[in-house]
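Accompanying notes for the structure given below.
The values are calculated or read from the model by the stated rules, or taken from the named source; none is laboratory data. What you see is a predicted model; the values in this text were computed from it and never measured. Ideal geometry is used to build each Cβ from the backbone, glycine not excepted, and the neighbour counts take in all protein chains shown.
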Amino acid sequence: MEIRKDLLEISDLLQRLIVFSGVFWKNNSKNWPYLKNREDFHRVYALKDEHRYPLEEVYATGRDIAGYMSMQLTLFNEPDIYPTLTSFINSFKGSCLDEIDQLKKITKKAHNISEELKNCPWAVGRMIKLFNDQLDMFKPIKRSLDILRETDLFKRENGEAVMEEAKGGDTFNISTVSGKVNVNSEDNSTNVSINVEGNIFGEIADAIKSADIADNEKEKLISEVFELEKSVGDDSFIPKYKSFLQTAANHMTILAPFIPALSQFLG
């Protein structure tokens, strides 16, 4: 997706929302309808109402969330709907992102019913898991929106002061990577130190290794993780980061918790 020109300065952050949107799109267009129409979910219609309704709610609400998030996360690109970054971010107030506690009750009730039933339809358990996987993505999405609120663009839109350009010799501790950023063409440089506790790349690799995905996909993802690690601090990091997000799009429920930490290396 080509990002509109007035948002190009934050394009790397918006790319993360596009990746999340892709996961929800796949759920809405493939995973939810498959579980409902191609598996044994039809068996719930023979249950008593007090059992059937909560199980149907998992499907109805879960697919509604998938449809809403798949569309909403990319609407920053529609200036006729959201003319500013601020209006886009504010559109999530009062949305399902703020209702996680209530939404968890839906799957908890359905889980309890599935435990009570003899021979509960297999699709119900998969729907409960899919629903909860979607809720797990809410945290990194909300974190992404918080990061967008800290951008210079958002601050300018809201009349907030923006940090002035650093002068030669100043040191910033942003958050174990060290490097220099040239401020002007001469040797006026700013030391930058980014501290990320623990080995985030090793943690990502471990998560991929323990995931229930095909071995060839694991190998490709792990290879890109270590290539990404090698590129920290140089100009190749951003394109490799984008490539990693594209490769990981189908497994974002596994990798989404690590995205906020990786974003610290974007500079």
Open item on the list: Criterion first (at pLDDT 95 or above, over 25 Å from the mean Cα position of the chain (by Cα) and part of a helix (DSSP H, G or I)) does Arg63 satisfy it?
Closed with: no
Open item on the list: Among the residues in region 103-124, are any buried (at least 17 other Cβ atoms within 10 Å of the Cβ) and assigned to a loop (DSSP other than H, G, I, E, B)?
Closed with: yes
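Here's the yes/no breakdown for (1) at pLDDT 80 or above; (2) touching a Lys or Arg at 6+ places or on another chain (Cβ under 7 Å); (3) of a type in the set (Gly, Ala, Ser):
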{"site": "Asn182", "(1), (2), (3)": "no, no, no"}
{"site": "Lys209", "(1), (2), (3)": "yes, yes, no"}
{"site": "Asn216", "(1), (2), (3)": "yes, no, no"}
{"site": "Lys220", "(1), (2), (3)": "yes, no, no"}
{"site": "Phe237", "(1), (2), (3)": "yes, no, no"}
Open item on the list: Checking Glu160 against (1) surrounded by 16 or more Cβ atoms within 10 Å (Cβ to Cβ); (2) at pLDDT 75 or above; (3) outside any helix (DSSP H, G or I): exactly one of these is not met. Which one?
Closed with: (1)
Open item on the list: Quick check on region 245-264: of everything there that is of a type in the set (A, V, I, L, M, F, W, C) and surrounded by fewer than 20 Cβ atoms within 10 Å (Cβ to Cβ), which residue is nearest to Phe20 (Cα to Cα)?
Closed with: Ala249
